[in-house]
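The values are calculated or read from the model by the stated rules, or taken from the named source; none is laboratory data. Note that the structure is a prediction, hence the values are computed from the model and not measured. Here the Cβ is made from the backbone with ideal geometry for all residues, glycine too, and neighbour counts use every protein chain on show. Note: accessible area is taken over every heavy atom of the protein model, side chains too, but ligands, DNA and RNA are not part of it. Shrake-Rupley method; radii C 1.70, N 1.55, O 1.52, S 1.80 Å.
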Amino acid sequence: MTGLAPDLSVTTERLTLRPFAPSDAGRIRAVIAARHAFLPPGAPGHPSGIAQWLTHGVHELHRSGQGVHLAMDADGLVVGAISLFKTLWGAGTAEVGYGVHPMHRGRGYAPEAVRGLVRRLFESTTLRRIELRANLDNTASLRVAEKAGFVREGVLRAAELEDDGPHDIVVFGLLRTDLS
C-alpha cells in the first residue's frame with residue numbers, strides 16, 4: 001500500500017493511536033487554556049477554533065496523502081499526539097514527531113507510540129525509512145528516539161530557528177530492515 005488507511009488507528013500495550021474526533025473538544029479546550037504545547041502543528045490557539053480544527057484542520061494532512069495526526073489515547077484521555085509527515089511515497093520515506101501532555105510525561109508513552117506507529121507503517125505501507133528529528137538540547141526527545149529503536153545518524157548544525165535563536169538538530173533514522 002502506498003497510502004495510509006482512511007481509518008488508521010494503532011493499539012499498543014497502553015495506548016490507542018487514533019484520529020482526533022469532535023468528542024475530544026473538551027480535552028483540547030483544557031490543553032489550550034493551560035497553554036500546553038504538545039498538539040500537532042496548526043492546533044488552534046483559542047477555544048473558538050477547536051470545532052473547526054477537530055472536524056477539518058487536524059485531518060488535512062491525511063486528506064492530502066502526506067501523513068496523519070493521531071491522538072495518543074490512554075484510558076480515555078488524550079495524553080499526547082503523534083504525527084507522520086513529510087511523506088514521500090515514491091521514495092518510501094517519512095518523518096515522525098510527537099508530543100506528550102506535561103502531566104503524562106516520563107511514563108514511556110512517546111516511545112511506545114512511536115514504536116507502535118512505525119511498526120504498523122512498515123507492515124501496511126511501502127515506507128522503507130522513517131526519520132525522527134530532535135533538538136540536540138532536548139534530552140527527553142533524544143531518549144524517546146533511542147528507546148524507540150532509531151539510529152542516531154548525525155547533527156544538523158543550527159538547522160532549527162526558534163524564539164531563542166538557532167538550534168542544532170539530531171537526525172535519527174529507522175529502516176524497515178531494522179525491525180527484521
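Structure notes:
- Each residue of the stretch 173-179 was assigned a 3J(HN,Hα) from its phi angle through the Karplus expression (A = 6.51, B = -1.76, C = 1.60, θ = phi - 60°), giving x, 9, 9, 3, 5, 5, 8 Hz with x at Gly and Pro.
- For the stretch 53-156: rounded, prolate or oblate by the Cα gyration tensor [a/c cutoff 1.5]: oblate
- The figure for Ser48 is an accessible area of roughly 100 square angstrom, using a 1.4 Å probe on the protein chains alone.
- Across the stretch 31-36, rounded Karplus estimates of 3J(HN,Hα) from the backbone phi angles (6.51 cos²θ - 1.76 cosθ + 1.60, θ = phi - 60°) give 5, 5, 4, 7, 6, 7 Hz, Gly and Pro being marked x.
- R0 of 25 Å, Cβ-Cβ distance Glu123-Leu77: FRET efficiency to nearest 0.05: 0.40
- For the set Trp89, Trp53, the ranking by accessible area, highest first and with no ligand, DNA or RNA atoms included, is Trp89, Trp53 under a 1.4 Å probe.
- The simple spin-label model puts a point 7 Å past each Cα toward its Cβ; for Glu146 and Leu179 those points are separated by 2.3 nm.
- Derived scalar couplings ³J(HN,Hα) [the stretch 43-54; Karplus, 6.51 cos²θ - 1.76 cosθ + 1.60; whole Hz; x for Gly, Pro]: 4, x, x, 9, x, 5, x, 5, 4, 4, 5, 5
- The GNM of the chain, with springs linking C-alpha atoms under 10 angstrom apart, assigns the highest mean-square fluctuation among Gly80, Gly99, Gly65 to Gly65.
- Within the full protein context, the accessible area of Tyr109 is estimated at about 30 Å² for a probe radius of 1.4 Å.
- Translational D in µm²/s for the stretch 1-104 (Stokes-Einstein at 37 °C, 0.692 mPa s, Kirkwood Rh from C-alpha pairs): 234
- Mean-square fluctuations from a GNM of the chain, with a 10 angstrom spring cutoff on Cα atoms, peak among Gly108, Gly92, Gly42 at Gly42.
- Test item: Cα-centred dipole of the chain, Lys/Arg +1 and Asp/Glu -1 on Cβ, debye: 320
- Among the listed values [x] 1, 8, 17, 20, 21, 18, 11, 4, 0, 0; [y] 1, 7, 14, 16, 17, 16, 13, 9, 4, 2, 1, 0; [z] 1, 7, 13, 14, 12, 10, 11, 12, 10, 6, 2, 1, 0, the one computed from these coordinates for P(r) over Cα pairs in 5 Å bins from 0, in percent is [x].
- Taking amide H atoms as placed 1.01 Å from N in the peptide plane, the amide H of Gly80 lies under 5 Å from those of Met72, His101, each 5 or more residues away in sequence or on another chain.
- The chain - percent of accessible surface contributed by carbon and sulfur, probe 1.4 Å: 52
- Max mean-square fluctuation residue, GNM over the chain, Cα-Cα springs under 10 Å, options Arg29, Arg133, Arg157: Arg157
- For the stretch 21-91, a simple Cβ point-charge model (Lys and Arg +1, Asp and Glu -1, everything else neutral) yields a dipole of about 180 debye relative to the Cα centre.
- From the alpha carbon centroid of the stretch 1-53 to that of the stretch 90-168 is 18 Å.
- As a length-normalised measure over Cα pairs under 8 Å and 6 or more apart, the relative contact order of the stretch 1-67 settles at 33 percent.
- DSSP-defined beta bridges in the chain - what % are antiparallel, rounded to 5: 90
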